[in-house]
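The values are calculated or read from the model by the stated rules, or taken from the named source; none is laboratory data. Keep in mind that what you see is a predicted model, and the values were worked out from it rather than measured. In this analysis, Cβ positions are derived from the backbone assuming ideal geometry, glycine residues included, and neighbour counts consider all displayed protein chains. Note: accessible area is taken over every heavy atom of the protein model, side chains too, but ligands, DNA and RNA are not part of it. Shrake-Rupley method; radii C 1.70, N 1.55, O 1.52, S 1.80 Å.
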Amino acid sequence: GAVEGEAPSINKVGLVIEGGALALALKPEHQDTLMKLCNACKSVVCCRVSPMQKAAVTKLVQAKCGAITLGIGDGANDVGMIQVPVP
């Protein structure tokens with residue numbers, strides 16, 4: 001555990017962000033901050049998001065980090081995310 005007043009160690013926290021908050025975080029002026037936050041997390045879960053948001057997150061992570069992304073969904077609404085070209 002963290003000592004009182006100490007910042008959490010990198011990669012010992014996770015982030016869960018839902019569609020409404022993600023819409024704000026994906027605005028161009030907030031994307032770098034979102035990526036810094038995500039990079040400080042062990043895992044990031046985006047829930048209750050639109051198909052367009054799924055594709056936008058996939059593109060953003062690939063563009064900013066060159067990272068591999070994993071998208072899990074239930075089918076047809078995931079097509080945009082799956083079809084994002086690999087850089």
Output for the stretch 51-71, where each listed residue is of a type in the set (D, E, K, R) and either at pLDDT below 85 or open to solvent by less than 60 Å² (accessible area, probe 1.4 Å) (or both): 54
Is it the case that residue 6 is open to solvent by 90 Å² or more (accessible area, probe 1.4 Å) and modelled with pLDDT under 95? yes
Looking only at the stretch 17-50, filter to residues that are in contact with a Leu (Cβ under 8 Å, 6 or more places away or on another chain) and loosely packed, with under 14 Cβ neighbours inside 10 Å; which one of those is nearest to residue 66 (Cα to Cα)? 43
